[in-house]
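Here's the structure we're looking at; comments come further down.
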Amino acid sequence: MLDWSIAIGAGIAFGLGALGTGIAQARIGAAGAGVIAEKPELFGLALVFVALPETLVILGFVVAAIILFVLPTM
Amino acid sequence: MTKVDYEYIGARIRGMKSRLLERKALEALGAKMDISSVIDELENTPYRQDLEDASVQYTGLACVEEALRRNLSKTFRLIFSFVKGEDAETLINIFLNKWDIQNIKTILRGINIQEMSEEIAESLAPAGALNDATLAEMIKQPDVKAIIDLLATWGIEYSRPLTRHFKEFSETRDLVVLEYALDKFYYSQALDAVAGDSYDEGIIRGIVRTEIDVTNIKNVLRIIRDKVELEDPQYYFISGGKELDVDKLSALSKTRTMDGVTKQLAGSSYDFLARLPDEYVTAEKISPFEKELDKFLLQKALRLFSGDPLSLALVIGYLWAKSNEITNIRIIAMCKTEYVPEKEVMEELVFV
Amino acid sequence: MEQVNPTRMELIKKRAQIKLAEQGRDLLREKMDALIQEFFHIMVSVSKSREELETAAVAAQRSLCVAEAVDDLTALKSASFATKRFLTLEIRGKNIMGVPVPVVERKTVTKSVLERGYSMIGTSGRIDEVAEQYEAELDLIIGLAETETSLRRLGDEIQMNRRRVNALEQVLIPELKRQAKYIKISIGEREREDLYRLKKVKKIIERRRKATKKQQSAASASAT
Amino acid sequence: MLQKMTKIQVIGPKHDLHSTVDFLYNLGTVHLEDASTTIAPGDTMLRRVLAGPKADIAGALVKVSGMFHLLPTMPVNEALKAQLFEELRWKNDDELVEEASQVIGELETITKELATRKSDIEFTLTNLAHYEEVIQKLQPLEAQLPILEGFEVTVILIQREFKEVLEIVRAALVEITHNQFELMSADVDEATTAAVTVFNKRYSDQVHSFIWSQNVNEVRLPPEYLDKPFDQVLTLVEEQRQKTTAEMSALNEELAELSGRWYPKLGVLKDVLEDRNEELSVFTKFGQTDYTFVMIGWVPKKQLANTKNSLKKAFEGRVIVNDLDVSREESYNAPTCYDNPRIVKPFETLSNLVGTPLHGEIEPTLLLALFFPFFFGLMVGDIGYGICILAFALAVRWYYGRRSNTIKQLMNILIICSIPTMFFGYLYGEFFGNLGQMMGWIQPVTINGTTLDRINIIVPLLIFTIAIGVFHVFFGLSLGLVNAHRRSNKKLMCTRAGMMLALASIIVILLAVVAVIPALLVAPGIVLLVIGLPLVMYGGGIAGAIEVMSTFTNVLSYARLMAIGMASVVLALVANELGSSMGILFVGILVAVLLHGVNVVLCMFSPSIQALRLHIVEFYSKFYEGGGRPYDPFKRGTAK
């Protein structure tokens, strides 16, 4: 069984990353919707921008994964 | 109060802004030979749809005018469709209410001289918060009092200043009384609405107060040009300006020369007036001064584009930019009908 | 041809008439000169104020155009509702060489910004300028109305005078002269006839006297 | 790659203008420019060719589309539309305008009238709602008053600030009516008080003239509602509303009926007129002298000979094509025509997201086509997922491909990307995560003693991806150097060269500090920085120095290649883990399939976007200028 502190650490790493992404994506998403309403041809670019903050949650996930899978093996 | 979705609004306004005609496009319009080639050229701009709609009823200059009207009111409606939230709407309404005031004045004036209702209806601006049905019902009224009563009956706030000053009007039969009452009511309402200390209120307060200053300076110049003595300066000037209070204004109006006014304004934000060529001062021509003042105000409003992107700054800036663009196109169309030389047309346009 | 009595009496009368007509003609001519002088005098001022009016009208039109464009047609129309009013003018008359001409009371229409009937807030100086230019144009029109009417009246009068002079000069005076000439010729003719007749009579009388003398001498010779 | 464009000048006798235009329209190789504006000093004056009937067509078009928009939309029978189109298409301009003006003549009055009536009805409805609201507010007040024969009811509104007026009114009423009246008042909203008074009709005039002089408002109702109790008025309002609504629906029916008769015809007429207008509008681009016309345009070099020869043949040498020499500056203004191999073509869709490249700069689509699938594969790296993506892309392309070119191209990209995905999957030994390993089908490849099992090589992978970043960014900067050289922009060249030096120095210093390379190298690193930084600052100012830092973070940004891949691996592992830990086999498989499904969808989306982002944000910013115009040859619309 995992150490509880490891699990919590992983949870925090992932959770905060996701939270950050959520906040950023909400704003960018709203702006993206605005852009698309005016210039539908920019749909693709808007999509890229909406996806940019995903980095955060991914990094969070990786850190969580490292904490969960890599740290215990060290 | 609902949360205002500034990200969405900002993005849309930026998108809309990018569709405003650039200076080059306007210059191309100005270089056209006559009104029909101006219309042809406008067909390649976002005004195309409005031109098509307007062309069902009008041709030539009237068609352009109608298209511009339609475009303006369409733009306002569009902005209202996505600017949601009570506070935001109140603030944007400050901009729109100017047209309400003008329309009410037009109707009062028209009814007062028993003008034909079609004629009055045609003289109404196509914007503002009052809807067309209300305006149509107002035009149907037999006299000034009836209009005020109708406004009161429908719970429209402009009935308040009008009712308060109606007695005075019925004694003098001078509509100016009611007009000043309306104007002052508008500005005091506007200032009340932005009395708070939020960013949005702050920027709009800045604009409104600058506008008050600009209007007051214009009026000082007009008074001086016509060499009239003011018995009651309080009555003619709007209080609440940013840099000039009523005392300062009445002092200005006592200088009796335009030169004197511009000199006294040195050190304020309006010292650019002193830099205008002397020939305007000696010719007592007021429109160049007005143009500069309007430009100043417009510049101030357009600077909002670089304000906080998550605020109403963009919307207000856009509204100003849009109305300026429409004015510019109207100037071009008008001048092309009168065959004004291209150079003079360009001089009349306001670019910022 | 009109029947005239070719009498000396008539001739004297005609001559008197001719003289009168000629005098009248000269008088009329003098009057016409005076009228024409007056006419040109007024005309200079009329054409001057006409030019003024034209420039004023063009300027007014231009500023209207600009105001319509910059301030929006609706604002302009609205302001026009506020400034709409009637204008009454008092018109008197005066005489120039017997020609009645109007005198329009000089009332200036130009108003100050406080008197135009609209509030200053919400209207612009451009609208003021348009109003002022049209007011100035109206002032000019009123002034021009006076001088132009005078000019027209004077013109009519000059025309009428010329017609009168012409009538005298081309019709009446030649006619009278012709008549006088005719009378003169008739009288001359008659005189020549009389002379001839007298000469004839004298010859006859002479012949008769000769015959009587011959007879007498024959008689005396026989008698002797 | 971009096509080389040649600027040509077409000159011919004026009477051949129309046939030349027709010919070029059908040939479809020339991107026309405005010839009437390019007059070199000393050249013969070129006047603008004025198309005669264009005004009529434009006028008719404007009116027809105006009416078209007024009519309610209708589903249109495609066959009928095609038939109408066939009928109109072959008419000449005059016949077309004639046809249009007939239609306009027939419809103009009626459409105008219907439009006015419609807005009238809308007004009435709005006003009714207004009045109703007021009356409903006042109704409770009236209910408290006796209704008497010969008595008049007047309602006044008093604004809060004039509240004391109520007492004045009461006093005056006492006097006027000799105390024979009733006055009730109540607040109707936060700003107004309403007062209802009943008095003998005898005093009507006096009362009204008194009220008129006070700071109060009388309630104004339309004449037909006067002197009626409010409940009756409300019934009347309701009746009126129903009547108006009925009118409205009748009107709408009328419009629909009109639309039924005219909608297809107007629509087709509009299309044809639009087409014609488009073709004619090109005429204003031509210049003319007394006897000749001049056109100026760009032709891709490959098409030049063909264009020249066919014009020569068709006009027997009357129409001449001249190649024009263009200055380097002008060549940047040439329209941009892609010339990519078929396999790279799909990536143009992505390239276009950031705008069209300038003619004359390095066209990045080929590079995008190389690196994008590589990044994608590196991130996803799973044979199973690769197969899923391939299958998905093929299916979508087969199903939607014909309808939308964009979708087709995007699917092509996915198909191309699925191949490196499978390749990396093979390297990583992944088939639906560790499913392949669990089943013993596949093992990760071992290179130099390192087994490429992604979960266990996080740090090496991280270093590898950052190395990719270093390479990519340096590559971008060198392209930027080439571009700057092509444009002979010295400052830009300095900036980019300096940037490379500075970046190299930072990397060297960092590596030396963490002792990966000998610490001796710190000194040369610092030397590099000392040379690089001033170069950057010379080109870009202080902001340039900050730019160095952001370029460095750009390099680090490539770590996402590892991170995202890791996320997908972990999700796949979780799917397999969860699936196998379920007690019941069926549920286990279901859970695993669901999770893998989600992961596949994420894998198509997220890595594409991240790969694209690495290009747009990190790579393009080093060299790409953009702002070109797409090559848009004058040719018959492909739609009709």
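Some notes on this structure:
- Toward the positive end of the charge dipole of the protein assembly as shown, with +1 on the Cβ of Lys and Arg and -1 on the Cβ of Asp and Glu, the farthest Cα among D:479, C:183, D:504 is that of C:183.
- FRET efficiency, residue A:52 to residue D:546 (Cβ-Cβ, R0 25 Å, nearest 0.05): 0.75
- In the protein assembly as shown, a dipole from Cβ-located charges (positive for Lys and Arg, negative for Asp and Glu) runs towards its positive end, and of D:283, D:400, B:11 it is D:283 whose Cα lies farthest in that direction.
- When +1 charges are put on Lys and Arg Cβ atoms and -1 charges on Asp and Glu Cβ atoms, the dipole computed for chain D relative to its Cα centre reaches about 4060 debye.
- Rough spin-label spacing in nm, given labels placed 7 Å along Cα→Cβ, for residue B:157 and residue B:48: 4.1 nm
- Other residues whose C-beta falls under 12 angstrom from the C-beta of residue D:330 contribute a net charge of -1, scoring Lys and Arg +1 and Asp and Glu -1.
- Model label sites at residue B:239 and residue B:338, defined 7 Å from Cα along the beta-carbon direction, differ in position by 4.0 nm.
- Spatial offset of the stretch C:204-224 relative to the stretch D:267-302 amounts to 136 Å, using the alpha carbon center of each.
- The stretch D:233-324: GluC sites (Glu not before Pro) in DSSP coil with no more than 11 other Cβ atoms inside 10 Å: D:316
- Cross-link reach list, lysines versus residue C:210, counting only Cα pairs under 25 Å and skipping chain neighbours closer than eight places: C:199, C:200, C:202
- Cross-link partners of residue C:31 among lysines (Cα-Cα below 28 Å; sequence separation of 8 or more within a chain): C:13, C:14, C:19, C:48, C:94, C:177
- Whole-angstrom gap from the stretch B:200-253 to the stretch D:437-483, using each part's C-alpha centre: 70 Å
- Relative contact order for the stretch D:346-622, counting Cα pairs under 8 Å that sit 6 or more residues apart, in percent: 21 percent
- Residue-count net charge about residue D:409 - beta-carbon cut-off 10 Å; Lys, Arg +1, Asp, Glu -1: +2
- Cβ crowding within 10 Å averaged over residues, with D:600-606, D:89-95 ranked highest first: D:600-606, D:89-95
- Rel. contact order, % - alpha carbon contacts under 8 angstrom, at least six apart, the stretch B:195-306: 27 percent
- Per the Debye formula on identical point scatterers at the alpha carbon atoms of the stretch D:148-228, with no solvent, log10 I(q)/I(0) at q = 0.13, 0.14, 0.17, 0.25 Å⁻¹ is -0.37, -0.43, -0.65, -1.34.
- Restraint check, D:81/D:302; B:167/D:201; B:24/D:301; B:74/D:91; B:140/B:227, Cα-Cα greater than 28 Å: D:81/D:302; B:24/D:301; B:74/D:91; B:140/B:227
- At least 30 Å along the helix axis (C-alpha) and Kyte average at least -1.0, DSSP helices within chain C: C:8-71, C:125-166
- Shielding value for B:151-159 is 6, the average number of Cβ atoms from other chains within 10 Å of each residue's Cβ.
- Between the beta carbons of residue C:9 and residue C:160, assuming R0 = 22 Å, the FRET efficiency works out to 0.05 to the nearest 0.05.
- On the basis of the beta-carbon distance and an R0 of 56 Å, residue C:181 and residue C:221 show a calculated FRET efficiency of 0.40.
- For D:220, D:613, order by how many other beta-carbon atoms lie within 10 Å, fewest first: D:613, D:220
- Model label points for residue D:113 and residue D:163, set 7 angstrom from Cα along the Cα-to-Cβ axis, are 5.6 nm apart.
- For the stretch B:201-352, the alpha carbon positions stretch 44, 41, 26 Å along the principal axes, listed from largest to smallest.
- The convex hull drawn around the Cα atoms of the stretch D:554-625, when projected onto a plane and averaged over every direction, covers 4.8 nm².
- Rg ratio (alpha-carbon, reference 2.2 N^0.38 Å) - the stretch A:4-69: 1.41
- The protein assembly as shown, helix-only ellipticity at 222 nm - DSSP H runs n ≥ 4, -39,500 (n - 2.57), divided by all residues, nearest 500: -23000 deg cm²/dmol
- Alpha carbon centroid spacing (whole Å) that separates the stretch C:43-122 from the stretch D:231-265: 50 Å
- Loop chymotrypsin sites (Phe, Trp or Tyr not before Pro), the stretch D:107-187, which have at most 14 other Cβ atoms in a 10 Å radius of their Cβ (DSSP): none
- Degrees separating the helix D:54-70 axis from the principal Cα axis of chain D, which is the longest one: 60 degrees
- Which of B:327, D:450 has the fewest Cβ neighbours within 10 Å, and the rest in rising order: D:450, B:327
- Cα shape, the protein assembly as shown, gyration tensor, a/c 1.5 rule: prolate
Readers should treat all values here as calculations from the given coordinates under stated rules, not as data from a laboratory. Predicted model, so just to flag it, every value in this text is computed and none were measured. A quick note on method: Cβ atoms are made from the backbone with ideal geometry, for glycine too, and the neighbour counts reach across all protein chains shown.
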